[in-house]
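Student: Questions regarding the structure given below will be posed in turn.
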Amino acid sequence: MSETNTTDEQKTARETRQESAQEAGQKSAQKIALVTGANKGIGYEIAAGLGALGWTVGVGARDQERREAAVAKLRAAGADAFGVPLDVTDDASVSAAARLVEERAGRLDVLVNNAGITGGGPQEPTTVDVDRVRAAVETNVIGVIRVTNALLPLLRRSPSPRIVNVSSSVGSLTLQTTPGAQTGPISVAYAPSKTFLNAVTVQYAKELTDTNILINAVCPGYTATDLNAFQGVRTPQQGAACAIRLATVPDDGPTGRFFDDEGEIPW
């Protein structure tokens, strides 16, 4: 083999290593987010908004067809998106999702707990089917705890980890007891589940106070989604804005608080 060929091969190998190092550096610098319930509505728009910022976004969803369609749509718009099969009410599914994110990215910078249900109606407390209450709490509260705890080890690997819990102003006890406040219909399942979620958010913030993890609750407002038969007055893009803002707050940002687009919401 000639000296020229050897030199060329060494140069090619060096360039390949440099390119690999650059790619690894870019991957390390790129923010990674997981959004639950991201195949449609507000969750999809949160994923789209983070993707538009150049983030890699995991689309967490139970329904395979809708999940794959959402990922394809996000990629078509230029986002680096990948699907994450995820049922927040199932331990095995959540554990598998955490493993997938670890294999894909090695860490997690932002977790947006968006998946939620109303529990169905009617929800007057004196006549409610208690299974509606149980279902709402299982998804909207226990599901958040289950997913958060499974992803915490990956969040701890991030230099600036954030957790955003999508709640609702109907969970505010202050507003619920304020005469004339707009808190929707009487609800003994959905609204209290969001009150419970708010309380859970505070407890996480207290435990994580000495870490760099910031966790907050957000209200998207009365947004047109299938949860309310598309009767809301806000678009999903508008509903996603506050969650995106809290997902991207600086290291000195708030934690253990509750926000909507207009500012802080009283507990």
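Student: Only bridges whose two residues both fall in the chain count here: according to DSSP, what percent of them are antiparallel, nearest 5?
Tutor: Here the share of antiparallel DSSP bridges comes out near 5 percent.
Student: I would also like to ask the following. Pairing the Cα long axis of helix 91-105 with the longest principal axis of the chain, what angle in degrees results, from 0 to 90 and rounded to the nearest 10?
Tutor: It is inclined by approximately 30 degrees.
Student: I would also like to ask the following. What do you get for the angle between helix 236-247 and the principal long axis of the chain? Use alpha-carbon atoms, 0 to 90 degrees, nearest ten.
Tutor: Computed tilt is about 70 degrees.
Student: From the phi angles alone, apply the Karplus equation (6.51, -1.76, 1.60; θ = phi - 60°) to the range 182-188 and give each ³J(HN,Hα) in whole Hz, x where the residue is Gly or Pro.
Tutor: 7, 10, x, x, 4, 8, 9
Student: Right, next: With all protein chains present, how much of the accessible area of the chain (probe radius 1.4 Å) comes from carbon and sulfur, to the nearest whole percent?
Tutor: 52 percent
Student: Measure nothing but the geometry: give the 0 to 90° angle between the long axis through the Cα atoms of 64-76 and the longest principal axis through the Cα atoms of the chain, rounded to 10°.
Tutor: On a 0 to 90 degree scale, this one is about 60.
Student: Expressed as a rounded percentage, what relative contact order does the chain have, with Cα pairs under 8 Å and six or more residues apart? Before the final figure, lay out the partial values.
Tutor: Details: 489 pairs, mean separation 44.8, N = 267.
The value is 17 percent.
Student: Continuing with this model, one more query. Compute the projected area of the convex hull of the Cα atoms of the chain, averaged over all viewing directions, and report it in nm² to one decimal place.
Tutor: Hull-based average projected area comes out at 17.5 nm².
Student: Residues of the range 99-244: accessible area per residue at 1.4 Å, in Å²?
Tutor: It amounts to 45 Å² per residue over the range 99-244.
Student: What's the Kirkwood radius of the range 40-150 in Å, using all Cα pairs? Write out the running numbers ahead of the final one.
Tutor: On the way: mean 1/r = 0.0667 Å⁻¹.
Here the Kirkwood hydrodynamic radius works out to 15.0 Å.
Student: So, one more: Pop the C-beta distance of D252 and I145 into the FRET formula with R0 = 25 Å and round what comes out to the nearest 0.05.
Tutor: Computed FRET efficiency for D252 and I145: 0.40.
Student: So, in nm, how far is label S160 from label A199 when the simple model puts each one 7 Å beyond its Cα toward the Cβ?
Tutor: 3.4 nm
The values are calculated or read from the model by the stated rules, or taken from the named source; none is laboratory data. Bear in mind the structure is a predicted one, so any value in this text is a computation, not a measurement. Glycine also receives a Cβ, built like all others from the backbone with ideal geometry; neighbour counts cover every protein chain displayed. For accessibility, only protein heavy atoms count, side chains too; no ligands or nucleic acids. Shrake-Rupley method; radii C 1.70, N 1.55, O 1.52, S 1.80 Å.
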